[in-house]
Structure formats: structure tokens, C-alpha cells
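Contents: one structure, followed by commentary.
The values are calculated or read from the model by the stated rules, or taken from the named source; none is laboratory data. Remember, it's a predicted structure, so these values are computed and weren't measured experimentally. Quick reminder, even Gly has a Cβ in these numbers, built from the backbone with ideal geometry, and neighbours come from all protein chains shown. Ligands, DNA and RNA are excluded from the accessible area calculation, which covers all protein heavy atoms including side chains. Shrake-Rupley method; radii C 1.70, N 1.55, O 1.52, S 1.80 Å.
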Amino acid sequence: MKKVLAFDIGGTNTRLALVNEKFEIEKSLVKPTPVNDENKFLENIYSLMAEFPLDDVIAVGAGVPGVVDVKTATIITLPNVGIGNIPLGKIFKEKYGLDLYLRNDAQMACLAEASLGNGKDYERVFFVTISTGLGGSLCVNKVIQDYLTEVGHTLFKYKDGYQEFEIAGGTNIHKLAKLNNSNIQGGKDLFQRARSGDEEGVRVFNEWKYIITSYFKLMNDSYLPDIFVVTGGFMKEKDMFFEDIKKAVPDVIVSECHFNEQAGLFGSAVYAFQQVKYK
């Protein structure tokens with residue numbers, strides 16, 4: 001049976017899975033993603049690859065949290081990982097003799113949901129991840145739409161200036177807190193303090209919720225999805241905000257991802273099989 005290797009490289013963890021053509025995961029591993037160091041980043045990938053048999057593997061799919069050159073499978077920049085200009089496709093061809101197909105990680109996850117998950121019965125599927133960063137992607141008729149990338153870096157008016165929606169991601173919560181005269185340091189701290197009724201925590205959480213719901217409203221108005229599928233580490237606290245998101249876009253279905261943290265893996269696998277088929 002033909003198989004592919006599927007990478008989901010995030011700002012926090014790097015996952016690798018061996019996936020067969022029935023889209024069954026035969027083996028998977030996860031390791032923390034090194035940041036601000038290209039050599040350690042690549043060494044981490046090599047160490048994961050060393051744990052997998054390459055028999056029957058016909059290609060590699062990889063989703064990464066940033067901007068890529070799809071044609072050459074080159075990482076242009078990964079803002080939350082702090083690296084860029086890595087010719088990953090060339091490296092894999094030379095080192096392993098395998099073609100690597102590269103996309104933004106949100107695009108890969110969206111493809112998984114549009115092809116196999118909760119969006120499979122809909123034409124326009126918009127994927128959102130609320131985690132280390134804030135990402136989004138659109139698939140139309142199970143095809144990734146290239147005109148939409150890195151939408152988390154879209155600017156919006158906030159207080160006396162402009163901010164990126166990424167300010168609602170885990171790595172930037174401290175910046176949001178600072179803008180609101182708070183020393184809250186991250187998502188965990190934010191939700192704990194908000195749950196406890198801490199006045200400062202509730203105040204900053206309400207600002208965070210305003211930004212998240214504004215993001216959904218803008219994506220809905222701009223890209224007219226039939227369904228939003230949502231995942232990410234912040235969804236562990238969904239009871240505090242998920243209903244507010246649904247109320248913000250009442251005419252659209254808002255669903256959790258079918259694959260959750262494995263969406264990137266399945267999307268990378270779907271994409272790799274697609275590219276081999278059409279090569």
C-alpha cells in the first residue's frame with residue numbers, strides 16, 4: 001500500500017506521521033519545535049525522519065506556520081519560529097530522494113477538514129486555529145485558495161493605533177495585556193485569572209474576546225464561508241468564548257475541527273497524495 005509522510009510543523013510542536021492511502025495513521029511522533037535557530041530546526045526534522053521507515057513512502061507533505069514558495073517547497077519565513085529562507089524541498093530530495101510538498105499549516109489543516117472532516121459536505125470551508133498564533137485558510141470545492149495566506153497578520157484598528165489579529169495568539173497575549181495596562185503573560189495566565197473573577201483578568205479577557213469575534217466577522221464578510229471549522233490550544237477553554245463566536249457570525253455554521261490537533265497531519269497527507277496523483 002502506498003504511503004506518505006506528513007509533517008505538521010507548528011510554533012510549539014512538530015508532528016510527523018506515516019499515513020497510508022486509506023488515510024490511516026500507521027505511526028506518529030511529536031517533538032517541540034526549536035525556535036530562532038535554523039540548524040536546530042533542521043536537526044529536529046532529521047531526528048523525526050530517522051524514526052520512520054521509508055519503504056512504500058512516495059512523497060512527503062509538510063505544513064508550516066508561515067509563508068512558503070509552493071513551487072520550490074522553500075520556507076520563506078516562519079514568524080513564530082524565527083527562521084526563514086530554507087529550501088526544504090531541495091534538502092529532502094537530496095537527503096532522502098523524496099519529493100516534498102509544502103504549504104502553510106493552516107492551509108493544510110483546512111484541506112483536511114474540507115476533504116475528510118466536518119467541512120466535507122460544504123463548498124466553502126474556512127479553517128481557523130487559535131493557538132500559538134492566529135491562523136486561517138479557505139478551501140473551495142476541496143481546493144486550497146492561494147490568495148488567502150497569513151490572514152492572522154491582517155491589521156485592524158485597535159485603541160489609538162493598528163494591530164495585527166495575531167495579537168490574540170498565545171505568543172502575543174503579553175502585548176495585548178500591556179496595551180491594556182496589565183502584566184498578564186500568556187493564555188494560561190489570562191484564562192486562569194478570568195475564570196477566578198480577577199478584575200484585571202476579566203478586563204483583558206474581554207478585550208481578547210472582542211478581537212477574536214472581530215476576526216471571525218471580518219473573515220465572514222471577506223470570504224463568505226459556508227462553515228468555519230475551529231481548532232487550537234485555546235479551544236481547551238472554549239466554554240468561555242465559543243458561543244460568543246457563534247453569535248458574532250449567526251448566519252454561518254461554526255464547528256470544532258473533526259481532526260483537532262491532527263488536522264495539519266491529515267491535510268499534509270491529503271496534499272501529498274494529491275500532488276503525486278497530478279504530477
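Values for this structure:
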{"quantity": "The stretch 83-100 residues that are closer than 12 Å to Val60 by Cα, paired with ones that are aliphatic (A, V, I, L, M) and in a loop (DSSP other than H, G, I, E, B) (beta carbon under 7 Å, 6 or more apart)", "calculated": "Leu88/Ala73; Gly89/Ala73; Phe92/Leu98; Tyr96/Leu54; Leu100/Ala73"}
{"quantity": "Members of the stretch 219-243 that are in contact with a strand residue (DSSP E or B) (Cβ under 7 Å, 6 or more places away or on another chain) and surrounded by fewer than 16 Cβ atoms within 10 Å (Cβ to Cβ)", "calculated": "Leu224, Asp226"}
{"quantity": "Residues located in the stretch 163-188, provided they are free of Cβ contacts under 8 Å to residues at least 60 places away in the same chain, buried (at least 19 other Cβ atoms within 10 Å of the Cβ), part of a loop (DSSP other than H, G, I, E, B) and not hydroxyl-bearing (Ser, Thr, Tyr)", "calculated": "Ile184"}
{"quantity": "Meets criteria (more than 22 Å from the chain's Cα centre (by Cα), open to solvent by 30 Å² or more (accessible area, probe 1.4 Å) and at pLDDT 95 or above) for Asn39", "calculated": "yes"}
{"quantity": "Odd one out for Leu29 among (1) modelled with pLDDT of 95 or more; (2) open to solvent by less than 10 Å² (accessible area, probe 1.4 Å)", "calculated": "(2)"}
{"quantity": "Selected residue (criterion: nearest to Leu18 (Cα to Cα)) from residues of the stretch 244-273 that are assigned to a loop (DSSP other than H, G, I, E, B) and touching a strand residue (DSSP E or B) at 6+ places or on another chain (Cβ under 9 Å)", "calculated": "Phe259"}
{"quantity": "Candidates Lys246, Lys209 - the one that is out of contact with any Phe, Trp or Tyr (no Cβ under 8 Å at 6 or more places or on another chain) and either farther than 30 Å from Met1 by Cα or in contact (Cβ under 8 Å) with a residue 40 or more places away in the chain (or both)", "calculated": "Lys246"}
{"quantity": "Whichever residue in the stretch 149-162 is in a loop (DSSP other than H, G, I, E, B), at pLDDT below 90 and not hydroxyl-bearing (Ser, Thr, Tyr) and, among such residues, is farthest from Gly11 (Cα to Cα)", "calculated": "Asp160"}
{"quantity": "The listed residue being out of contact with any Cys (no Cβ under 6 Å at 6 or more places or on another chain), assigned to a helix (DSSP H, G or I) and within 27 Å of Cys139 (Cβ to Cβ), out of Gly61, Gly89, Gly84", "calculated": "Gly89"}
{"quantity": "Glu200 surrounded by 17 or more Cβ atoms within 10 Å (Cβ to Cβ) and acidic (Asp, Glu)", "calculated": "no"}
